[in-house]
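The values are calculated or read from the model by the stated rules, or taken from the named source; none is laboratory data. Keep in mind the model is a prediction, meaning the values are calculated, not measured. For neighbour counting, all protein chains shown are included, and Cβ atoms are generated from backbone atoms with ideal geometry for every residue, glycine included.
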Amino acid sequence: NTQTNSSSSTGESSQGEAGGAGDVIKIGAIFSETGPASTLGKTQANLVKLLQKQLDEQGGIDGKKIQIIMQDYETDDTKAVVAADKLISEGVVAIVGATQSSTTMAIVPKITGAGIPLMTTAPINPDTKGVFQMAPSNVTAGELIKDFLQERNISKIAWINARDGYGVDGLPSFEKVAAENNIEIVAHEEFDANATDMTIQLTNIRKANPEAIIVWSRTPGAGIVARNFKSLGFDIPMIQANAAANQGFLDQVKDDNEEIFIVGAKLSVVDQLPAGPQKDNLMKLRDDYKAMFNSEPDNFTAHAADGFNLIFEAIKAGNTTSEQIAEYLQNNVNDYLGLSGTFNTKSYVGPNEDGFSMLAIENNTWKFSEQ
Amino acid sequence: MSNLLTVNGLTKQFGGVLAVSDVSFEVNKGEIVAVIGPNGAGKTTLFNMISCFMPPTKGEVHYKGTRLTGQKIPNLAPLGISRTFQNLQIFENMTVLENVMMGTHVKLKTNVLSAAFKLPRVKKDEKMAFEMAMEVLKFVELEDLMFEKAGQLSYGMQKQLEFARAIVYNPEFIMLDEPMAGLNDTETNRMAGYIQRLKNKGTSFLFVEHKMATVMELADRIVVIDFGKKIAEGTPDEIQRNEKVIAAYLGEEAV
Amino acid sequence: MDLIMQYIVTGLTVGSIYALIAIGFVTIYNITGVLNFAQGEFAMIGALTCITFVNAGLPMFISIVLAIVATAIIGFAIERTAISQARNSSVMNLIVITVGLSIFLKGLGLIIWGTYPKQLAPIIRMDPINFMGAVINPQSIVIFIVLAILLFVLYVFFDKTYIGSALKASEKNPRAARLMGINTKTMSALAFTLAAALGAIAGIMISPLTDATYEMGFLIGIKGFVGMVIGGMNNISGAVMGALLVGLLEAFSGGFVSTFYSDAITFLVLIVVLFLKPNGLFARATGERV
Amino acid sequence: MTKLENILYGNRLKPLLVLAAIILLLPTFVKSQYIFTILILIGIYAIVTVGLSLLIGYAGQISLGHAAFFGIGAYASAILSGTHQMSPWLAMLIGMVATFILAYIIGIPILKLKGHFLALATIGINIIVYILLLGLNNITGGAAGFVGIPILTLFGFSLNDKLFFYFFVWIVAFLIIILSTNIVRSHVGRLLRSIHDSEIATETLGVQVSKYKVAIFALSAAFASIAGSIYAHYITFISPPTFYITKSILFLIMVMVGGASSVWGAVLGTAIIMFLNELIRFVGHTYFGISGEVEIVVYGLIIILIMMYLPKGLLPLFSQIFQKKRKNEPIPAIDENHVTSSTSKVSSQEGV
Amino acid sequence: MLNVQGLSTHIGKIQILHDIDFHVNKGEIVAIIGANGAGKSTLLNTLAGLIQPSAGTVTLEDEVISGFPANKVVGKGLSLVPEGRQVFSNLTVKENLLLGMFSKYYKNKNLAYENLNKMIEMFPNLNKHLHNLGGNLSGGEQQMLAVARGLMSNPKIILLDEPSMGLAPLVVKEILDALVVIKEQLGTMVILVEQNVKAALKVADRAYVIDQGRILLNGTREEISSNPQVMSAYLGVKMA
Ligand SMILES: Nc1ncnc2c1ncn2[C@@H]1O[C@H](COP(=O)(O)OP(=O)(O)OP(=O)(O)O)[C@@H](O)[C@H]1O
Ligand SMILES: Nc1ncnc2c1ncn2[C@@H]1O[C@H](COP(=O)(O)OP(=O)(O)OP(=O)(O)O)[C@@H](O)[C@H]1O
Ligand SMILES: [Mg+2]
Ligand SMILES: [Mg+2]
């Protein structure tokens, strides 16, 4: 069923794009450049501009012109599906996206149905052929948090998350990790992703006497929780999710950020990393990005970059059709050192944790500590 | 003569204002009764209580033995009671014809489902509504305006339109709040003619009006209200000679 | 006990944020009959321009004034272009226009200020206050005071001044108002200018608590709208009461029932309230009769 | 002699034929799967907006909550056919009936409210449903969404094929349009408009106004539910944000931009808004190299401009193609007599 | 004096008024009569600036007042009491009356209160309701309020669109008598549009008959009252 469908669709797309002259290879991108999730997707959209510029300067890959077609899905699942179809009709050979997990779920059937490889930048735990995950899975993040907690002998935590696709995603994986490691989740609260005050949730949490609090949200919610947390006088550690690992969050908690930690990307602390290829790669992305946009990339940028880079790798190896690229990604990527970690795409669960680290905040910037 | 409407001790208090106070009277079948009184006497309030637009503070109204007080507004039309408003309430964005066709509602059986599936009844209803409406439009001589938007008519024509809509389903009892206001004498006479003709067919009326000549000519009986109280009731002749009424309302040279 | 106190404090804080928005809503509604869905965006513009001025090195006070003026000018410009042109269209038309405005302004905000939340330093720097076991953010007190002042000023303006009754008249019956010599166009422009300024004040007041982003307007806009409608659309004190009530409802339902469902509970209560009092809780007589 | 129906409401055959022709002919021009997706979504949304135009444009009742009913339909289909393996068709039917009943029950209290109060109450309904979709994550999958909605099959055909799905959606939409125009072109349609103009006068004529308002509310909710079901089976993945107030507002924009005073306006508005988005993106990308934020600015601006300069929506621009002004038609041969009698009336007035 | 020349008005594409010429002399009450839909209200609305004429000019004491929006026209001394009362239902009677002075209020507040007292004296019914909302008044009370509000600005000319509508006979007489007093004491010009032709002709000095947007007849009160066409069409006199 899927087979017949995919062949018909790809057939259609290749005939639809006669103007391509054969040596332009199109790659699709679906990011939330606008709308609520733009705090995550905007840097990804910027990355596309950066990469396109670099590609044009280099004259493509091996003489083949590469065109990245970006679609802003405005944080709207339906628009993402339309965008996916648009990209399929344009004849892209691979797609990177979407920014959010639930949106990715919405576009997976279309894209895999068309036989096009999809590099997801959000954790979705895919078990579908042709979907390659660039973000570390929530389990990876959970492991990192677990290590942190155990180091400090913390066994009772409270969990609070935003009520959106990103926010509710973290808990189920962490619950598993917690259960295996005797960590008790003594309170769970939620807040509207656009809410203006989380005092009530934190007050409820305080009743349960946790030893640490984990926040799963993007900004600005993440920062408001942190501030309410401080003003309520909590003196336990607060651990924030990687969606908050950006400059915006740092600004939000400026000057009052002791005991706030984050599941962050090494990209955020690239200057503090020990020398090595990882540092060089991250440095290059950070500097290029900063030169063009005068702001810092974040780990979502890195996930997207990994997606594109892997596709470029495949193209460099002489693969130019969807099937070939998917084939390559599936079989020939071993211990690829990406920006978000090391990829072994055979397992599909995303990079390992070596792109990640628990970061503290010191002098209003991220502080890396080797673990 | 059989009794149609019985108004019993109606009273209405608005905060400190006693707008209507213990008013009782009757309307018999085939009769035209007028309510007159100075501005602010409480006539419209009385009307609104009779037609269930507001609950009375005290008192009750019966129509052919049925208690009206406490009923919902839409229950009145099926009983054969119709009314017009002092502040016109026409459907401004609909045509004259459609306005009048709306008046036939109680005769129709179309509902949302039958309309959606275009059951045969719908067509029958449409035809009936149209024919009834045309008849009345001819009666009030508005038929050449039937495709005009009602909101674009001049005030006087809107007045006649509202009247047409109220009578289209042949109600037995019609309440008119100042039907002649805004009409010139010729038009007033014409309106009076319509009322008279309907009366001859057996329709009963209760109406409020300030145009005394018409009231005296049309009404079988007149109820006079002042400061919310009924101060007189009687035939036009009696009322015209009533000192209290002359002082409070008519003025010396009115009629 | 201290829990309840905390709920009250939080409820009032959140409620007064909504109230600041609701005030702007009512102002426009009372003068022009338009329901301005872009009111939240005025708050956004006010907050972000203020932050921009502060970051550019201007003193706080001057930045606030400049931001309010700038937003007011935008409000005025919007009225002169989009609203006055559509003055005679239906209510629904105007609603959709303001929805379009909200989309438009949000997009502009995104282009100018980007996605990251921006910080505004509190007006008074102070540690949170402990009051009967509840923690009060000093900024909440500032908000409360500003709210009280605005409430008083606007009450006097609308209900006690001559120009106030002229404004109300233009809403109710613009045609007759023109016959009195009232320039209803000016009034409408005044309303939008005023509402934009009020929105800016709201945004500036709340951003030390919540930070400002280009999309901050939506949720507070909706909640402010809820507060206004619950209170009764036609008077400012009613709207403020309504907004405070919404804040308290949220806090208490979040505290006692569940934060998962506190919005749902709040709305459920509101719908029940409306069912019992279809014109809002503190509505004032409108003089409509048959 | 003209049919009474056409005298009263004008001719609807032409627009229906034009629509049918467009539906049938489009696939011969359109090859891109992307355009098909848009056409399908237009069909799905049109089912909602047509119902909404009955409610907003005719009965004059605002709803900013129809995304909730859209969502209930979608989730009913997803849960019944996905989790419980029920036939998608049966699931759709159950969803529709359940939505109708639910909307009817909700409608009884909230349609007592007027204007902005009603708008608020419907926003409330939307938010409550949204929170329930998130909160009942055991059944709905919560914010992570619902995966695994089966694809529709009809008589053994998989509707997975774009073309089949396209025709399926538009046949449903076409039927809904016919049902809706039937309602509008009857006493009920007139009645809804009269409620719009004066509720009080309508009640005086013996109409149980609340009954009709609630019925139309529930009917439009049921339409939205069907559309939601189809949407769920088309996208095969749903999550709550799709059914938030922002979607309700989008529906409202579609109705108003097309023109609320006619069912056709809703269809037109839906198509225009859907294409507008894509057009802005296409033009913006191709010729101006603009990015997402500029697109939404332009989009907002265009909505404003349309509402400013075409307050009755875009339909009047188009309807001139379909229908001549009714006034120009001679008053059809209903009855010769009254025409003469009315002229005599005019002359009697002139005799001053 | 008020001078109207060649006035034509369109609503949409339809021409309602055709080339109207007329004038009102100082200290004169002029009645305008005509059937329903003749264009009387349209004429007054055009004079007041609510509708802009498509042709023609209106001068009031040598000042051109046509071509200005309604809110400017009041300031030039022309005040219209519109058809259907149009009181501000959400404002009190007192607020309604004071708004009648809007064009001059800020220049002379004392005068506003002076005029307010005059109006209360003239319409004692209003005094009773001074602090009630305009919308709660009875129909007739609203009519009095509308007339009083129109007089508040001390206009040079006042236009009344069916002021007697809905008023008790005694009050009609009071209002019409009041017009005569105003005319005589203040020299105010009055244009009176009335369906109650008999009553109107009692106080008017001259009258115009308007039909289908055109002036059909004009003359002094006596001429018009005795015109057979007028008698049959407007005075309800049945003629053979
Ligand atoms: N809703 C209300 N609130 C307060 N007072 C009211 C209300 N409705 C009516 N009144 C007062 O009640 C009195 C009676 O009003 P009503 O409208 O019944 O008079 P009416 O006899 O119809 O007068 P008219 O002949 O002028 O129409 C008036 O003084 C009016 O101001
Ligand atoms: N908005 C409008 N659109 C179209 N036609 C209109 C509009 N307003 C008025 N008319 C038409 O203009 C003509 C004159 O109307 P107008 O209201 O001036 O009459 P009038 O003499 O005041 O009548 P009445 O005594 O009934 O108040 C009427 O034929 C009316 O149908
Ligand atoms: Mg009355
Ligand atoms: Mg008139």
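Data table
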| quantity | calculated |
| --- | --- |
| Listing of strands (runs of 3 or more DSSP E) fully contained in the stretch E:27-101 that carry 3 or more residues being out of contact with any helix residue (DSSP H, G or I) (no Cβ under 6 Å at 6 or more places or on another chain) | E:55-60 |
| Residue list for the stretch A:170-185, filter: β-branched (Val, Ile, Thr) and touching a Pro at 6+ places or on another chain (Cβ under 9 Å) | A:Ile185 |
| Some residue of the stretch E:89-111 being more than 13 Å from chain C (Cβ to nearest Cβ) and either in contact (Cβ under 8 Å) with a residue 40 or more places away in the chain or among the β-branched types (Val, Ile, Thr) (or both) | yes |
| Residue in the stretch B:68-104 that is farthest from ligand 3 (Cβ to nearest atom), counting only those that are under 15 Å from B:Leu176 (Cα atoms), surrounded by 20 or more Cβ atoms within 10 Å (Cβ to Cβ) and hydrophobic (A, V, I, L, M, F, W, C) | B:Ala77 |
| E:Asp177 modelled with pLDDT of 90 or more, more than 16 Å from ligand 3 (Cβ to nearest atom) and among the acidic types (Asp, Glu) | no |
| Output for the stretch E:132-161, where each listed residue is within 26 Å of E:Ala38 (Cα to Cα), within 16 Å of ligand 3 (Cβ to nearest atom) and either among the aliphatic types (A, V, I, L, M) or in contact with an Asp or Glu (Cβ under 8 Å, 6 or more places away or on another chain) (or both) | E:Gly139, E:Met144, E:Ala146 |
| Residue within the stretch D:241-252 that is in contact with a Leu (Cβ under 8 Å, 6 or more places away or on another chain) and more than 30 Å from A:Asp169 (Cβ to Cβ) present | yes |
| Set A:Gly130, A:Gly142: member being at positive phi and more than 14 Å from chain D (Cβ to nearest Cβ) | A:Gly130 |
| Residue identified as more than 12 Å from the chain's Cα centre (by Cα), within 15 Å of ligand 2 (Cβ to nearest atom) and under 19 Å from E:Ile224 (Cα atoms) among E:Ile32, E:Ile11, E:Ile20, E:Ile16 | E:Ile20 |
| Test: residue in the stretch B:131-149 that is surrounded by fewer than 21 Cβ atoms within 10 Å (Cβ to Cβ), basic (Lys, Arg) and not assigned by TED's automatic domain parsing to the domain that holds B:Arg241 | yes |
| Single match in A:Ala193, A:Ala141, A:Ala179 (criterion: outside any loop (DSSP other than H, G, I, E, B), touching a residue at least 24 places away in the same chain (Cβ under 8 Å) and of a type in the set (Gly, Ala, Ser)) | A:Ala141 |
| Every residue from the stretch B:108-155 that is part of a helix (DSSP H, G or I), at the interface with chain D (Cβ under 9 Å from one of its Cβ atoms) and farther than 30 Å from E:Thr42 by Cβ | B:Val112, B:Leu113, B:Ser114, B:Ala115, B:Ala116, B:Val122, B:Lys123, B:Asp125, B:Glu126, B:Lys127, B:Ala129, B:Phe130 |
| Count of residues meeting criterion [assigned to a loop (DSSP other than H, G, I, E, B), buried (at least 24 other Cβ atoms within 10 Å of the Cβ) and hydrophobic (A, V, I, L, M, F, W, C)] in the stretch C:36-64 | 2 |
| Residue count, the stretch B:51-63 (criterion: outside any strand (DSSP E or B) and of a type in the set (Phe, Trp, Tyr)) | 1 |
| Identity of the residue in the stretch D:10-47, over 20 Å from the mean Cα position of the chain (by Cα) and hydroxyl-bearing (Ser, Thr, Tyr), that ends up surrounded by the most Cβ atoms within 10 Å (Cβ to Cβ) | D:Tyr34 |
| Residues within the stretch E:191-204 that are surrounded by fewer than 17 Cβ atoms within 10 Å (Cβ to Cβ) and either in contact (Cβ under 8 Å) with a residue 40 or more places away in the chain or away from chain B (no Cβ under 11 Å) (or both), tallied | 0 |
| Residues of the stretch B:51-67 satisfying the condition of being under 13 Å from B:Val23 (Cβ atoms) and within 16 Å of ligand 1 (Cβ to nearest atom) | B:Pro56, B:Thr57, B:Lys58, B:Gly59, B:Val61 |
| Boolean, E:Lys76 is of a type in the set (Lys, Arg), under 18 Å from the mean Cα position of the chain (by Cα) and either farther than 23 Å from B:Gly156 by Cβ or within 16 Å of ligand 3 (Cβ to nearest atom) (or both) | yes |
| Count of the stretch E:134-181 residues which are within 11 Å of chain C (Cβ to nearest Cβ), more than 16 Å from ligand 2 (Cβ to nearest atom) and touching a strand residue (DSSP E or B) at 6+ places or on another chain (Cβ under 6 Å) | 3 |
| Residues of the stretch E:34-70 that turn out to be polar (S, T, N, Q), away from ligand 4 (no atom under 16 Å from the Cβ) and either crowded, with 23+ Cβ neighbours inside 10 Å or within 14 Å of chain B (Cβ to nearest Cβ) (or both), as a count | 0 |
| Scan of the stretch D:102-143 for residues that are of a type in the set (Gly, Ala, Ser) and out of contact with any helix residue (DSSP H, G or I) (no Cβ under 6 Å at 6 or more places or on another chain), ordered by number | D:Gly115, D:Ala119, D:Gly135, D:Gly141 |
| Tally, over the stretch D:227-246, of residues that are more than 18 Å from D:Leu39 (Cα to Cα) and either buried (at least 24 other Cβ atoms within 10 Å of the Cβ) or modelled with pLDDT of 95 or more (or both) | 7 |
| Meets criteria (at pLDDT below 95, within 16 Å of ligand 2 (Cβ to nearest atom) and over 14 Å from the mean Cα position of the chain (by Cα)) for B:Asp185 | yes |
| Residue satisfying condition, being buried (at least 22 other Cβ atoms within 10 Å of the Cβ) and among the aliphatic types (A, V, I, L, M), within set D:Leu154, D:Leu219, D:Leu136, D:Leu175 | D:Leu219 |
| Candidates A:Phe249, A:Phe229 - the one that is assigned to a helix (DSSP H, G or I) and touching a Gly at 6+ places or on another chain (Cβ under 7 Å) | A:Phe249 |
| Condition met for D:Ala143 (over 30 Å from B:Lys72 (Cβ atoms), buried (at least 23 other Cβ atoms within 10 Å of the Cβ) and at pLDDT 95 or above) | no |
| Residue that is within 16 Å of ligand 2 (Cβ to nearest atom) and at negative phi, where the choices are B:Phe130, B:Phe117, B:Phe139, B:Phe163 | B:Phe163 |
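For (1) part of a loop (DSSP other than H, G, I, E, B); (2) at pLDDT below 90; (3) within 16 Å of ligand 1 (Cβ to nearest atom), each residue gets a yes or a no:
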residue	(1), (2), (3)
B:Thr6	no, no, no
B:Leu18	no, no, yes
B:Gly30	yes, no, no
B:Asn39	yes, yes, yes
B:Leu46	no, no, yes
B:Met49	no, no, yes
B:Thr69	yes, no, no
B:Leu76	no, no, no
